Each structure stands twice: as structure tokens, then as C-alpha cells.
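The values are calculated or read from the model by the stated rules, or taken from the named source; none is laboratory data. From a predicted model like this one, the values you see are computed outputs, not experimental measurements. Positions of Cβ are generated from backbone atoms using ideal geometry, with glycine treated the same way; all protein chains shown enter the neighbour counts.
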Amino acid sequence: MQITKETRISDILLNYGDIAEVMEVFGVQRVGSSLRMFLAKALNVEWAARIHKVPLDEFLEILHKAVAKKESILE
């Protein structure tokens, strides 16, 4: 899956599961699970970056690292 600024957070969760723990390693704070699930359906990566006050390019890099780490754990 190619993650871009238009990618919905819900799509990332569907494809990679909950990567919140991995993202915390890279400085993105976790939100409550019920709030996260509600927001995931409406938010895309660009808006999530704004909410977390992380520059978009940096946020995309965080997501790519989190996904790579998750995939390496599953292998």
C-alpha cells in the first residue's frame, strides 16, 4: 500500500493494524482508542499531521517507518 497525504487513516489501520505504539517511538502521541477509530474514518494523513503538529513530510516518514517496523515484526 502506498501511503500518501490523501490516504485515510482507517485504510492504514485496516492494512497494518494499530501502529500507534510504533508511531509513539517516533514522537506521535496516542489518542484514545474510541476517538482514534472515529477520527480514522474521517481523517487523511495530511489532517492527522496537522492535528499532531508534525510537518507533513515528517509525518509521512514516521508512517513509513512505523509500517516498515510493523512488517519486520510480522515476518
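Count of the stretch 42-75 residues, restricted to those that are crowded, with 17+ Cβ neighbours inside 10 Å, β-branched (Val, Ile, Thr) and either free of Cβ contacts under 8 Å to residues at least 24 places away in the same chain or in contact with a Phe, Trp or Tyr (Cβ under 7 Å, 6 or more places away or on another chain) (or both), is 3.
Out of the residues in the stretch 52-75 that are closer than 16 Å to SER10 by Cα and of a type in the set (A, V, I, L, M), which is nearest to the chain's Cα centre (by Cα)? Among those that are closer than 16 Å to SER10 by Cα and of a type in the set (A, V, I, L, M), it is LEU63. Residues that are closer than 19 Å to LYS65 by Cβ, outside any loop (DSSP other than H, G, I, E, B) and of a type in the set (D, E, K, R) were ranked within the stretch 1-35; the one that is modelled with the lowest pLDDT is GLU24.
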